[in-house]
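In what follows, a structure is listed as structure tokens, so that the remarks can point back to it.
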Amino acid sequence: MEHLFIGKNPNKPTLLLLHGTGGNERDMLPLAEVIDSEASVLSVRGNILENGMPRFFKRLAEGVFDEKDLIFRTKELNEFLNEAAEQHQFDRHNLIAVGYSNGANIAASLLFQIENSLKAAILHHPMVPRRDIELPNLAEKQIFIGAGVNDPICSPEESKELQALFEKANANVTIHWEKMGHQLTMQEVQAAAEWYHKQNFS
Ligand code: MLT
């Protein structure tokens, strides 16, 4: 997959950056600086093009996912992460996703579908990726959800549903609310950074 890798302190986690629809591997780089400027960065571009806009999986309509493609692309991304860890020599078990919108949805899908695919995740405005599966055990997984009380794409009910599904699988979830819509604000990124530093990831 198209990607950027920026190697930094090998004793820190690697931040896996996953952009929103229409973004690319450069979009989220400023977030990594705010969250942990010493952490290595793997930033990936989604393999799907929707009217020229990169995405991580196909959709049938806004908010309606092509589930077959989502399952396939989730596996494809996980395999890419395994290869990238070999190629760039980072610890595959110390990967923390930072995703926004479509990127948060594929990160949530990794957590739903593949055991130990991520160590932790910062999900900005994620949706429930699938409703038909039993999640793997997410004990010791730390998850931050950034949500908007007026988000028209991901309703507050859906944010709470996602939190409940993760918690049912034993994850440790923090949900942060902004009085905003689907957009990602600096205030939300800073809340994610504060949360990250409280976890003492190493
Ligand atoms: C998605 O398709 O992943 C969600 O609708 C969010 C978006 O990318 O607009």
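Extension gain, ASN51 to SER155, is 34.9 nm, computed as 0.36 nm per intervening residue step minus the present C-alpha separation. Applying a DSSP loop filter and a limit of 10 other Cβ atoms within 10 Å to the trypsin sites (Lys or Arg not before Pro) in segment 145-202 leaves LYS179.
Applying 0.36 nm per residue to the separation of HIS182 and ILE6 and subtracting their alpha-carbon distance, the gain on full extension is 60.5 nm.
Modelled spin-label separation between ALA164 and GLN199, with each label point placed 7 Å from Cα along the Cα-to-Cβ direction: 2.4 nm. Within segment 124-202, the chymotrypsin sites (Phe, Trp or Tyr not before Pro) that combine a DSSP coil assignment with at most 16 other C-beta atoms in a 10 angstrom radius are PHE201. Within the chain, the longest run free of GluC sites (Glu not before Pro) that sit in a DSSP loop with at most 16 other Cβ atoms within 10 Å is 141-202. Holding the Cα-Cα limit at 19 Å, pick out from LYS12/LYS119; LYS12/LYS75; LYS68/LYS168 the pairs that are longer than that. Result: LYS12/LYS75; LYS68/LYS168 exceed 19 Å.
Accessible area per residue (1.4 Å probe, heavy atoms of protein chains only) ranks SER155, SER109 as SER155, SER109, with the largest value leading. Report, in deg cm²/dmol and to the nearest 500, the calculated mean residue ellipticity at 222 nm for the chain, where each DSSP H run with n ≥ 4 adds -39500 (n - 2.57) and the sum is divided by the residue count. Computed mean residue ellipticity for the chain: -11000 deg cm²/dmol.
One way to sum up the overall shape of the chain is the equivalent ellipsoid from its Cα gyration tensor, whose semi-axes run 22, 19, 17 Å, largest first. The residues packed around ASP66, meaning those with a beta-carbon under 10 Å from its beta-carbon, carry a net charge of +2 if Lys and Arg are +1 and Asp and Glu are -1.
The trypsin sites (Lys or Arg not before Pro) found in segment 1-84 that occupy coil by DSSP, while having at most 13 further C-beta atoms within 10 Å, are ARG26.
The values are calculated or read from the model by the stated rules, or taken from the named source; none is laboratory data. Quick caveat, the model's predicted, so the values are computed rather than measured. Note that each Cβ is placed from the backbone with ideal geometry, even for glycine, and that neighbours are counted across all protein chains shown. For the accessible areas, the whole protein counts, side chains as well, though only heavy atoms, and no ligand, DNA or RNA atoms are used. Shrake-Rupley method; radii C 1.70, N 1.55, O 1.52, S 1.80 Å.
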